[in-house]
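Only one structure is covered here, and it is reproduced in the block below.
The values are calculated or read from the model by the stated rules, or taken from the named source; none is laboratory data. This structure is a prediction, so every number in the text was calculated from the model and none was measured. Note: ideal-geometry Cβ built from the backbone for every residue, glycine included; neighbour counts use all protein chains shown.
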């Protein structure tokens, strides 16, 4: 557990994302939930021994941020409205309960007994939603919840001025591989500018160690590197299948390894990134051409 502010903490050693919490004078506010069931249950029990958990804010719909919600059954979950709409679809991508049990037998045997446990029958999607911004005043803390689309369409940042901290979810991957498999890269770059404008000393990324604002320029460069790489092929009329026939120089775009026990192979992730960016760049080019016609 890492202290990142006077009353704020994050866990950077769990499998999946960095779940975090802020201790207010009226209980806890969590940002994202632990991915592994056993981690989620232990986390909840430890916090609730001291004070109630008032809210759980999800920063995005990917499973490593939301799959632990089920183990906080009495906690109000907050999410951007698009996250509420796609919540079940993303969870279903993890497969059936039997699929999940088999996977946990391999990766986390301590969690198997909690999959489908009758004490946790519901997935606990967001019930408190917002479109652009939402402010929660909890005890002596203010939680400015901001829609910053980029890495995903519902992507959300949580800025807590009393702590000097902003929780960015996966709009920031600090010194670990950035996942651009479904991003809008131009929205992502705009989101990084918006994060930089906040009066926060510390950034808690979705993955990797907490960092300062200086890293935002490097994160933006990684996004720009990938866009530039794929754009050169689009300009020559070369499709993603042809691009992927040759080894992609991944480290020229992003020098960092996949982190936090995220198990996708490099080749598969690279293929998803290339396909996503090729589709988006081509569509943008076609839209620009139509506008000039």
- Item | Extreme residue, surrounded by the fewest Cβ atoms within 10 Å (Cβ to Cβ), among residues of region 170-215 that are in a helix (DSSP H, G or I), touching a residue at least 24 places away in the same chain (Cβ under 8 Å) and in contact with a helix residue (DSSP H, G or I) (Cβ under 6 Å, 6 or more places away or on another chain) | 189
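Test of understanding: among 21, 9, 14, which residue is under 18 Å from the mean Cα position of the chain (by Cα), in a strand (DSSP E or B) and under 24 Å from residue 258 (Cα atoms)?
Going through 21, 9, 14 in turn, just one is under 18 Å from the mean Cα position of the chain (by Cα), in a strand (DSSP E or B) and under 24 Å from residue 258 (Cα atoms): 9.
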- Message: For region 112-130, check the following and say yes or no: at least one residue is surrounded by 15 or more Cβ atoms within 10 Å (Cβ to Cβ) and assigned to a helix (DSSP H, G or I).
- Response: yes
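Could you please find all residues in region 79-100 being farther than 11 Å from residue 126 by Cβ and not in a helix (DSSP H, G or I)?
Initially, region 79-100 is screened for residues farther than 11 Å from residue 126 by Cβ, giving 88-100.
93, 94, 95, 96 - these are the residues of region 79-100 that are farther than 11 Å from residue 126 by Cβ and not in a helix (DSSP H, G or I).
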- Task: Might you let me know whether region 36-56 holds any residue that is crowded, with 19+ Cβ neighbours inside 10 Å and in a loop (DSSP other than H, G, I, E, B)?
- Result: yes
- Task: Taking residue 74 as meeting all but one of (1) without any contact (Cβ under 8 Å) to a residue 24 or more places away in the chain; (2) closer than 16 Å to residue 1 by Cβ; (3) outside any helix (DSSP H, G or I), write down the number of the exception.
- Result: (2)
- Note on the structure: Note: among 260, 292, just one is in contact with a strand residue (DSSP E or B) (Cβ under 8 Å, 6 or more places away or on another chain) and at pLDDT below 95, namely 260
- Is it true that residue 135 is outside the structural domain of residue 274 (by TED's automatic domain parsing), surrounded by fewer than 21 Cβ atoms within 10 Å (Cβ to Cβ) and touching a residue at least 24 places away in the same chain (Cβ under 8 Å)? no
- Filter result for residue 255 (without any contact (Cβ under 8 Å) to a residue 60 or more places away in the chain, exposed (fewer than 15 other Cβ atoms within 10 Å of the Cβ), under 30 Å from residue 9 (Cβ atoms) and outside the structural domain of residue 94 (by TED's automatic domain parsing)): yes
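Considering only region 77-106, how many residues are over 29 Å from residue 157 (Cβ atoms) and either in contact (Cβ under 8 Å) with a residue 60 or more places away in the chain or under 21 Å from the mean Cα position of the chain (by Cα) (or both)? So that I can check it myself, show each step before the final result.
Within region 77-106, the subset over 29 Å from residue 157 (Cβ atoms) is 95-106.
Retained after the next criterion (residues that are either in contact (Cβ under 8 Å) with a residue 60 or more places away in the chain or under 21 Å from the mean Cα position of the chain (by Cα) (or both)): 95, 100, 104.
Residues in region 77-106 being over 29 Å from residue 157 (Cβ atoms) and either in contact (Cβ under 8 Å) with a residue 60 or more places away in the chain or under 21 Å from the mean Cα position of the chain (by Cα) (or both): 3 in total.
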- Task: Could you identify the single residue in 243, 273, 238 that is surrounded by 13 or more Cβ atoms within 10 Å (Cβ to Cβ) and under 21 Å from residue 16 (Cβ atoms)?
- Result: 273
